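Report on one structure; see the data block that follows.
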Amino acid sequence: MRAALSFGLAVAAFAAALPAHGEGIDVARQSYLANLLTQDCGSCHGLTMKGGLGPALLPAALAERDDAVLVETILDGRPGTPMPPWRFELSQQEAAWLVARLREGVR
Amino acid sequence: MTSRARRAARLGMKSLLVLFLFLAVAASAMAGTVRGTGDLGIVVERASGRVVIIEHSHRSRIGAVDGLGDLSHASAVFSRDGRFAYVFGRDGGLSKIDLIEAKLVRRIVQAGNAIGGAISADGRLIAVSNYEPGGVKIFDAESLDLVADLPAESNGQRSKVVGLVETADGAFVYTLYDAGEIWIADVAEPARPAIRKFPGIGAFPYDGVTVDGGRSYVAGLFGEDGLALLDLWRPEAGVRRVLSGYGRGEEPLPVYKMPHLEGVTVAGGNVFLPAVGRHELLVADVRTWAEVARIPVHGQPVFAVARPDGRQVWVNFAHPHNDTVQVIDVPSLKVAHTLRPGKAVMHLEFTPKGDQVWISARDEDLVRIYDPRTLAELGAIAAEKPSGIFFTARATRLGY
């Protein structure tokens with residue numbers, strides 16, 4: 001319980017340290033990330049993020065979840081499910097940028 | 001001749017010429033509509049809600065149909081005369097398209113989230129597999145009116161449905177992703193469907209397909225190493241696990257796109273299947289389903305499609321290896337060639353006799369066409385974010 005709590009606090013502290021989205025990500029990379037989100041995330045979550053084999057990632061579906069948890073899910077995946085880790089090609093900052101895009105709604 | 005008479009004659013000639021031109025144009029327009037359907041097909045433009053109609057005799061684009069909704073993961077089946085395509089969209093849309101007239105005949109939205117479909121062996125019924133609400137809905141192929149609703153409910157929970165195919169017996173076979181079951185639905189009397197259920201087939205079956213000309217139905221498992229096999233000649237024998245433990249207990253690699261079993265066929269007496277979480281193709285003897293070989297490949301295989309004569313198997317890959325296609329030499333069970341058609345190769349489709357293979361490169365906005373014998377590029381067709389390619393020859397193949 002205590003471990004879970006301190007983990008949660010650590011995650012929250014980490015989230016607070018995240019830069020504002022878009023900062024330091026150049027336009028070409030943003031365009032790559034936007035395409036990755038729609039097309040590759042979309043292959044499981046649907047092009048419009050309404051869900052597929054993977055769950056829906058619409059703003060309402062994510063409203064209850066913390067940025068930090070979502071960033072971590074992108075970077076490390078969800079073991080025991082088909083959600084793979086994306087750390088091999090995405091930075092913390094880029095994952096945070098993707099979460100911000102999801103919160104705005106894709107398209 | 002008086003000048004008046006000359007003018008009248010010139011006028012007459014002019015009107016005749018106009019009439020002749022009009023007739024010629026009308027005749028050629030009509031000739032355009034009189035054509036066979038055997039060399040037609042569609043390319044899905046997944047992000048634009050549109051399909052492009054193509055013909056593969058001259059490798060050209062002959063039309064397009066718009067307004068089909070969210071076509072991520074869209075697939076299609078064809079009426080038995082090859083004239084109509086039924087397109088299944090992610091948003092639950094079922095669209096009937098006339099390939100000759102290049103127009104949308106009817107479109108319904110039959111569920112919140114759909115994944116694919118099938119056409120019955122007699123061509124009268126269209127079945128759609130749905131994620132939300134989980135189940136199968138069956139429609140009249142002519143009118144698209146609903147004729148049966150088959151919720152996929154197991155232990156009080158709805159399940160997403162994958163791997164829907166028709167059988168020669170007039171039934172539909174499909175797999176429940178969440179519940180891990182295979183069901184066979186006999187819809188000879190659509191009002192009273194008879195469903196046989198095969199539970200406990202394994203964890204997270206992600207797709208299913210008929211192989212060996214419709215003899216067997218095989219479901220791939222995401223949650224464990226192996227596949228679930230049902231002999232459709234003897235369903236009473238039940239589902240058995242094949243190729244189990246192919247991962248040898250090693251930690252699977254992450255999968256950035258689910259493999260697809262569509263196109264899995266017998267080549268040289270063996271079945272070639274994508275492994276899950278391994279950069280390998282699994283090769284099994286079609287009679288015994290014992291492992292014959294594993295072929296190391298460039299990435300996580302997505303589609304493994306045999307040339308119609310089985311001499312080659314062409315494979316594409318999941319992100320981030322999806323700029324590449326490899327050609328397996330079937331007699332030697334080795335990778336013979338590696339091609340780079342471009343960014344984000346989504347799908348590949350052979351012409352019915354294997355003289356061409358069409359490959360969609362999504363992020364190149366191109367469909368490239370190759371000669372499978374020489375590997376020469378024969379041409380390319382522009383398409384916006386192309387994904388699935390479906391030729392009308394599927395109309396005459398069981399399970400397509």
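Read-outs: derived from the displayed coordinates by stated rules, not from any lab. Here the structure is a predicted model, which is why all the values come from computation and not from measurement. Methodologically, a virtual Cβ is constructed for each residue, glycine included, from the backbone with ideal geometry; neighbour enumeration extends over all protein chains shown.
Once the Cα atoms are used to define both axes, helix B:3-33 deviates from the longest principal axis of chain B by about 10 degrees. Where the alpha-carbon atoms of the protein assembly as shown are placed on the principal axes, they occupy 114, 61, 50 Å, in descending order.
What percent does the relative contact order of chain B come to when contacts are Cα pairs within less than 8 Å and at least six residues apart?
Details: 1064 pairs, mean separation 42.7, N = 400.
Relative contact order for chain B comes out at 11 percent.
I want to verify a result. In a Gaussian network model of chain B, Cα cutoff 10 Å, which of these has the top mean-square fluctuation: B:PRO308, B:PRO331, B:PRO274? Highest fluctuation among the options: B:PRO331.
What number results when the radius of gyration of the range A:26-107, computed over Cα atoms, is divided by 2.2 N^0.38 Å? Write down the numbers at each step before the final one.
Working: Rg = 11.6 Å, N = 82, 2.2 N^0.38 = 11.7 Å.
So the Cα radius of gyration is 0.99 times the expected 2.2 N^0.38 Å.
log₁₀ I(q)/I(0) of the range B:81-124 at q = 0.15, 0.31 Å⁻¹, via Debye over equal Cα point scatterers, no solvent, to two decimals? Values, matching the q order: -0.39, -1.09. Here the label points at B:ARG80 and B:SER244, each 7 Å from Cα along the C-beta direction, are separated by 4.0 nm in the simple model. Loop-located trypsin sites (Lys or Arg not before Pro) in the range B:216-282 (DSSP state not H, G, I, E or B) with no more than 11 neighbouring Cβ atoms inside 10 Å: B:ARG248.
Percent relative contact order of the range B:314-384, based on C-alpha pairs within less than 8 angstrom and at least six residues apart? Let's see the in-between values first.
On the way: 146 pairs, mean separation 13.9, N = 71.
Answer for the range B:314-384 is 20 percent.
Over the C-alpha trace of the range B:306-360, radius of gyration and Dmax come out as 11.1, 32 angstrom.
Cα convex hull, the range B:65-210: 97 Å³ per residue, rounded to a whole number.
Suppose every K and R has +1 on its Cβ and every D and E has -1 on its Cβ; what is the size of the dipole of the range B:272-400 about the Cα centre, in Debye to the nearest 20?
Values: 15 positive and 14 negative charges, 51 e Å.
Around 240 debye, computed over the range B:272-400.
With the charge dipole of the protein assembly as shown set up from +1 on Lys and Arg Cβ and -1 on Asp and Glu Cβ about the Cα centre, the Cα lying farthest toward the positive end among the listed residues A:LEU47, A:GLN93, B:GLY134 is that of A:LEU47.
Rounded to the nearest 20, the Cβ-based charge dipole of chain B about its Cα centre (Lys and Arg +1, Asp and Glu -1) stands at 1800 debye. Report the residue, chosen from B:ASP169, B:ASP186, B:ASP91, that carries the largest GNM mean-square fluctuation when chain B is represented by alpha-carbon nodes joined by springs under 10 Å. The residue with the greatest mean-square fluctuation here is B:ASP169. Sequence-ordered 3J(HN,Hα) estimates for the range B:200-213 from the Karplus curve with 6.51, -1.76 and 1.60 and θ = phi - 60° stand at x, 7, x, 7, 6, x, 9, 6, x, 7, 8, 10, 6, x Hz, glycine and proline given as x.
For chain B, compute Rh as the Kirkwood radius over C-alpha pairs and then the Stokes-Einstein diffusion coefficient at 37 °C and 0.692 mPa s; write the answer in µm²/s, rounded to an integer.
It diffuses with D of about 148 µm²/s by this estimate.
Take each residue of peptide A:41-50, count the partner chain Cβ atoms within 10 Å of its Cβ, and average: the result is 6. Taking amide hydrogens as placed 1.01 Å from N in the peptide plane, the amide H of B:ALA293 sits under 5 Å from those of B:VAL283, each at least 5 positions away in sequence or on another chain. For the protein assembly as shown, a simple Cβ point-charge model (Lys and Arg +1, Asp and Glu -1, everything else neutral) yields a dipole of about 1880 debye relative to the Cα centre. Among the residues of B:143-149, the average count of other protein chain beta-carbon atoms within 10 Å of the residue beta-carbon is 0.
Which GluC sites (Glu not before Pro) does the range B:99-207 hold that lie in a coil by DSSP with at most 16 other beta carbons within 10 Å?
B:GLU101, B:GLU142
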